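S.K.: Here it is, the structure in full.
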């Protein structure tokens with residue numbers, strides 16, 4: 001984000017990370033009970049659909065104001081998506097594999113947070129543009145959304161079987 005903001009002449013890109021991180025934390029603190037009652041599949045679809053335009057619009061940021069708006073949208077979406085992904089994986093796992101699956105998911109996320117900047121940097125060093133990089137991120141999210149389409153509603157408090165770990169989504 002820093003390199004992209006510099007090419008657009010936007011100063012103080014650190015505010016992007018501050019705003020987005022604060023909103024991620026606020027969502028987790030204030031919406032936890034709400035997320036517990038949500039249909040995880042539907043909520044994942046919604047927040048992925050909301051995150052796709054964020055990535056597509058990152059290339060259009062041209063002022064500190066748009067940087068702040070994009071940081072807020074990104075922070076809200078990620079603030080909902082990350083706990084929902086963890087909860088959906090936990091609920092979809094058989095009880096005997098929940099600990100293993102949760103740890104493997106955390107490992108995969110850590111690997112992604114570590115390797116993604118290197119992959120993005122290599123892409124940019126090879127002559128790719130920030131706009132194309134953001135479009136590729138949106139394409140990956142679009143594929144994730146498509147993979148969620150056939151899944152049944154899952155993980156609400158009203159569906160006792162899902163809460164007990166039976167009947168994983170198909």
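S.K.: Please count how many residues of segment 11-59 are within 14 Å of the chain's Cα centre (by Cα), touching a residue at least 60 places away in the same chain (Cβ under 8 Å), farther than 29 Å from residue 124 by Cα and surrounded by fewer than 20 Cβ atoms within 10 Å (Cβ to Cβ).
M.R.: Matching residues across segment 11-59 total 1.
S.K.: Looking at 142, 116, which one is at pLDDT 95 or above, closer than 22 Å to residue 49 by Cα and assigned to a helix (DSSP H, G or I)?
M.R.: 142
S.K.: Next question. Which condition number does residue 128 fail, the rest of (1) modelled with pLDDT under 90; (2) surrounded by 11 or more Cβ atoms within 10 Å (Cβ to Cβ); (3) outside any helix (DSSP H, G or I) being met?
M.R.: (1)
S.K.: Would you point out the residue of segment 1-31, among those that are assigned to a loop (DSSP other than H, G, I, E, B) and touching a helix residue (DSSP H, G or I) at 6+ places or on another chain (Cβ under 6 Å), that is farthest from residue 144 (Cα to Cα)?
M.R.: So, considering only residues that are assigned to a loop (DSSP other than H, G, I, E, B) and touching a helix residue (DSSP H, G or I) at 6+ places or on another chain (Cβ under 6 Å), the one farthest from residue 144 (Cα to Cα) is 10.
S.K.: For segment 35-53, give me the residue count where each residue is part of a helix (DSSP H, G or I) and either out of contact with any helix residue (DSSP H, G or I) (no Cβ under 7 Å at 6 or more places or on another chain) or within 12 Å of residue 74 (Cβ to Cβ) (or both).
M.R.: Qualifying residue count, segment 35-53: 9.
To keep it simple, each residue is scored yes or no on (1) modelled with pLDDT under 95; (2) touching a helix residue (DSSP H, G or I) at 6+ places or on another chain (Cβ under 6 Å); (3) assigned to a helix (DSSP H, G or I).
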| residue | (1), (2), (3) |
| --- | --- |
| 33 | yes, no, yes |
| 55 | yes, yes, yes |
| 60 | yes, no, no |
| 65 | yes, no, yes |
| 81 | yes, yes, yes |
| 85 | yes, no, yes |
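The values are calculated or read from the model by the stated rules, or taken from the named source; none is laboratory data. Note that the structure is predicted; figures quoted are calculated from it, not measured. A quick note on method: Cβ atoms are made from the backbone with ideal geometry, for glycine too, and the neighbour counts reach across all protein chains shown.
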